[in-house]
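The values are calculated or read from the model by the stated rules, or taken from the named source; none is laboratory data. What you see is a predicted model; the values in this text were computed from it and never measured. We place every Cβ from the backbone using ideal geometry, glycine too, and count neighbours over all the protein chains shown. What goes into the accessible areas is simple: the full protein's heavy atoms, side chains included, and nothing from ligands, DNA or RNA. Shrake-Rupley method; radii C 1.70, N 1.55, O 1.52, S 1.80 Å.
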Amino acid sequence: MVAPMPRARLALALCLLAACGRDESACTAPRTVTPLDPSTAGTTAMKPVALGGDPQCAIQHQGPVLAGDALVHDGKVENAFVYVKDGLGARTFAVPETPVTINQVGCLYEPHVAGAQTCQPIEFVNDDPTLHNVHGTPGGSQPWNFSMALQGSKRRIRVENPEVTIPVTCDVHPWMRAYLGVLPHPFFAVTGADGRFTLRGVPAGEYVLAAWHERFGTREARVTLSAGETKDVAFAYAGSGN
Ligand SMILES: [Cu+2]
């Protein structure tokens, strides 16, 4: 445990004020949901995200794995955020009330990368018997910054605008970092230890898919999905990424 420095205490005080004044009214406005026909929806499944098939690439990226920022297993990239970037048109989607949970456990965020829909509740939980603060710094929505002093405490926010991705940090423990991808639709996923993801129920259409990774950068792929079709899409990272 690193004791908070005076400067950190000041930051925490400011956080509380900022959190109190957070206006989430953009998330309470009524919306008309676009109906999707499940009988014509398809699925995009994914082959493993690979580091270009070159073992040297994987070796370069591995190093000490401490915080989920470069988890590569047999060339498969974990913690990439994959999503439909374009192609859904003007559809509007229902907002899930089930919260996305980001835990603070062992002074790390779990999960390290998470996705949520705009205005969906995002619940931060402190599982540690120590003080954390949760500091989100979106570019297109209001920031948040609040302290969580008690073990077992929970606090919810909603992010009003899409953004891939929003860094979440703790001013007490500078190594703590999570990333939150926020989208106006439900078609996103985080790759698992096998480098795979699945996007279910995507309407038939032409799409741009994107894969974002904090170290390796962003890749895009075009995919055309017809009704009921399942397609494999692979992204490859090579060299030092980006
Ligand atoms: Cu912390």
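Structure data summary
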read-out: Heavy-atom accessible area per residue - the stretch 82-150, 1.4 Å, Å²; value: 36 Å²
read-out: Backbone HN-Hα couplings from phi across the stretch 155-165 [Karplus 6.51/-1.76/1.60, Hz, Gly and Pro as x]; value: 8, 10, 9, 9, 9, 7, 10, x, 6, 10, 10
read-out: Stretch gain in nm, segment ARG22-TRP175, where the contour uses 0.36 nm per residue and the Cα spacing is subtracted; value: 52.5 nm
read-out: Interchain or long-range residues, amide H under 5 Å from ASN145's placed H; value: ALA19, GLY136
read-out: Built amide H within the under 5 Å cut-off of HIS73, gap 5+; value: GLU78
read-out: FRET efficiency estimate (nearest 0.05) - Cβ-Cβ, GLU97 to GLN151, R0 30 angstrom; value: 0.70
read-out: Neighbour cut-off at most 11 other Cβ (10 Å), DSSP loop, chymotrypsin sites (Phe, Trp or Tyr not before Pro), the stretch 158-242; value: TRP175
